[in-house]
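Read-outs throughout are calculated quantities, based only on the coordinates presented, and are distinct from any laboratory measurement. In this text, all values refer to a predicted model and were calculated from it rather than measured experimentally. For neighbour counting, all protein chains shown are included, and Cβ atoms are generated from backbone atoms with ideal geometry for every residue, glycine included.
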């Protein structure tokens, strides 16, 4: 069915990286007294921006020759000619438009700042690979993702509930921002050969494989090391220390990255998303209990 194919094009396995920061911002600000309709609209808005970004990324990666039948990472719907490129781009515009409408509703019901954040997110999502900026191809992907899917989304979660948010949320967002950034770094490392052939400059190409691996490790460790610091300062509950049980899983992924074998790194984005999701869910539950 076509609807199933278009849903696949959205790459829904990646949506936790939007859901978790919004949820952390929501519950950290207000605890269990959440305005659920507002929270759900915020989630839909974030997911719509994320979906539009994934679709735009697939479209421009295909146009640039980055995504082929033999490369990794995309939905493969365009290289396999299952869906016409034009349809993917139209679907992306629809997804971004839906997000903008939801942001206007949130702006009216909560704070105009939410609409501003959503517009920034839509523009960042399009220009991630879209003309003329194409930030991913200028090795700015991990930095953009760090900012947009860390501080920006967490801040948005708090704003929609109270109309304002505590600046401590920016600090709280850093660990998950680090982890979402290295999901992209892992993709860049896995796809280095294909990206280089296409003439684009990603994070891994700019720094070289060895240095990019080191940056991956350091960024991931920062996410874990910040947890006890935030706990000691009262920003996060003691229960959050359970995230450290995920360190062996992080090191297992890290070993695959350093080996650089294509077969080992085939689903590295999904593995990292699972690690990120567990990390984020622990933070959410620690805030609630």
* Using 0.36 nm per residue, how much length does the chain from residue 207 to residue 162 gain when fully extended, once their Cα-Cα distance is taken away? -> 12.0 nm
* Where a ≥ b ≥ c are the square roots of the eigenvalues of the C-alpha gyration tensor, would you call the chain rounded, which needs a/c under 1.5, or, failing that, prolate if a/b is larger than b/c, or oblate? -> oblate
* Asked: Hey, what number do you get for the chain at 222 nm if only DSSP H runs of n ≥ 4 count, each worth -39500 (n - 2.57), divided across all residues, to the nearest 500?
  -> -23000 deg cm²/dmol
* To do: Work out the FRET efficiency for residue 2 and residue 289 from their Cβ-Cβ distance, taking R0 = 51 Å, and round it to the nearest 0.05.
  => 0.75
* Asked: Roughly how many nanometres apart are two label points built 7 Å out from the Cα toward the Cβ at residue 266 and residue 232?
  -> 4.4
* For residue 138 and residue 80, calculate 0.36 nm times their separation in residues minus their Cα-Cα distance, and state this gained length in nm to one decimal. => 18.2 nm
* Exposure proxy check: 238, 126 ranked by fewest other beta carbons within 10 Å? -> 238, 126
* Mind checking the full-extension length gain between residue 116 and residue 101? Use 0.36 nm per residue of separation minus the Cα-Cα distance, one decimal, nm. => 4.2 nm
* Shape of region 78-152, Cα gyration tensor, a/c cut at 1.5 -> oblate
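Decide, for region 82-205, between rounded, prolate and oblate: order the square roots of the alpha carbon gyration tensor eigenvalues as a ≥ b ≥ c, take rounded if a/c falls under 1.5, and otherwise choose prolate if a/b is larger than b/c, else oblate. Write down the numbers at each step before the final one.
Values: a/c = 2.91, a/b = 1.40, b/c = 2.08.
Oblate.
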